[in-house]
Amino acid sequence: MLSSLVKADRLASHVGKKYAPFYEFIARTLKSQPGDVDLHSATSISGNYKTIDDLPGPSLATTAYWLFVKGYADKSHAMQVEHKRLYGPIWRSRFGPFDVVNVATAELIAQVIRQEGRYPVRTDLPHWKEYRDMRGQAYGIHVDTGPEWYRIRSALNPKMLKLKEVAAYAPIIHEVVSDLLQRVELLRLRSPDQVTVKDLASELYKFGFEGISSILFETRLGCLQEEIPTDTLRFISAVNDMLALSEMVLFFPRWTRHIFPFWKRFVQAWDDLYDVGMLKFNVCIRDAQYIISILVIYIHPKMKITRPQVILGTSNTLSWTLYHLARDAEVQNRLYNEIASVCPNKELPTAEHLTRMPYMKAVIKETLRIYPVVPGNGRLTVDSEVIVDNYWFPKKTQFHLCHYAVSHDESNFPEPECFVPDRWLRDNPSRSQHHPYSSVPFGVGVRACVGKRVAELEMYFALSRLMQHYEVRTEEGAPSIHPKTRTLLIPSKPIDLQFIPRA
Ligand code: HEM
């Protein structure tokens, strides 16, 4: 029990006092959990537990059938839900070199996170490490593990996760939001009906890329300009190639590298990334590693070079938010009224204003619940064996945390497919009683998203200023748009919206 409380305390100190009741909940739960064992002696008690071989789950052939015949290759988020229904909340999937244990309830995710150790690992990225070893470069925050990751992360946390520090980025973010507003105005005026902006998501992707780059590079990339600068295009294209090749490189064994061109092109893409990163943005190699690590996590592998579509979490979330607001006039009016009352006469919102906009926060939370940008996260057990739901797992077990299935579970969120921001408001009768891990779009624990605060600031500023200037509507008879998975959860079709200027 002592070890449980220590773990809960450690977690608490990482995330802050705000969540004190949540830690109490964790500590209480831990007292009665099967996971509350001395993990160092797990091997000796492993005989009392079932093992990975006892788990239900699809065979390789069944998985291939689901992906390629039943059409779930770009709907792996929906496959989580279906497989949970078929196999229960914990199951095993095998495909190619991947052997994964899926967990799909909030409680099971909590059990994995509780045992993630001091230096959690999402997944092994041997090919990324190999490139860096070859060029004698450091791994960076996304790839690094162990004490070196912890060192970088500890240096970043106070800068990135403290609201006061992040609020210092407000002027840069507002500058980029002003460009977005100009771009929306230009595009709507240019359209035949003078209100419709076609494929809004791709404009917001450029906004997201521009926003994060101006914070990290302290220089503007020009993504929202009419003509995107060549260097920026080259940088984006290198990221695109690197991500597209990343899966291929991992899938084929090493000895095939002389036969197929993937590895050579993968190395070239990384070389280009560093070259352009350092030339264009004038950053030193260590900074470049850090910046590139951050950027590449959220860039969509399939984005087209001719029309750069850079998918970042913030822009993706904004696209879905506007999509729902356009379909729900009541929610949109409530949001507009809140913004107008806190910032009358289109006053520029500040970080302080945001503290008085609970409804806007609820709108974004609800969007992230329905569309968690990262629909499935990972944890690789490195330090110790773990016990989850009466199963014993050895070191090097890859867990898949099925965020999407959990945040769509009706035992946590009644009518889970409905967009109901009210469920997040305190003192509201329709507030859901849900497990604290039932919607964790930014991940949880010490390895959770380091950009959460920056992302929130960007989304709140962009949404409030768009609402100050426009009412959004859908075109008559516009079809519903469903998400698809391309590593991230993205709209399956372009989102076209009308922007009606407000008086
Ligand atoms: C709505 C926007 C965003 C969402 C939903 C999101 C979500 C996530 C998730 C789920 C993870 C994995 C966490 C885990 O393993 O527990 C993650 C990691 C990470 N995110 Fe974000 N993210 C967003 C925006 C950003 C932004 C704007 C930045 C950059 C400033 C960023 C930087 C990172 C980094 C560096 C990591 C790796 C942290 C580590 O391994 O220590 N994210 N994010």
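Surface listing: H482, H353 arranged by accessible area from highest to lowest gives H482, H353, probe 1.4 Å.
At a probe radius of 1.4 angstrom, the accessible area of the range 363-403 per residue rounds to 27 square angstrom.
Over all other residues within a Cβ to Cβ distance under 15 Å of E347, the charged ones net out to +2, with Lys and Arg as +1 and Asp and Glu as -1.
Give me the net charge of N412's neighbourhood, meaning all other residues with Cβ under 14 Å from the Cβ of N412; Lys, Arg count +1, Asp, Glu -1. Summing Lys and Arg as +1 and Asp and Glu as -1 gives -1. Estimated from the Cβ-Cβ distance and a Förster radius of 22 angstrom, the FRET efficiency linking R327 and L86 is about 0.10.
The solvent-accessible area of Y437, taken with every protein chain present and a 1.4 Å probe, is close to 10 Å².
S214 sits among other residues whose Cβ lies under 13 Å from its own Cβ, and their net charge, with Lys and Arg +1 and Asp and Glu -1, is -3.
The values are calculated or read from the model by the stated rules, or taken from the named source; none is laboratory data. On a predicted model such as this, the values are computed, not experimentally measured, just so you know. Methodologically, a virtual Cβ is constructed for each residue, glycine included, from the backbone with ideal geometry; neighbour enumeration extends over all protein chains shown. Keep in mind that these areas ignore ligands, DNA and RNA; they rest on the heavy atoms of the full protein, side chains included. Shrake-Rupley method; radii C 1.70, N 1.55, O 1.52, S 1.80 Å.
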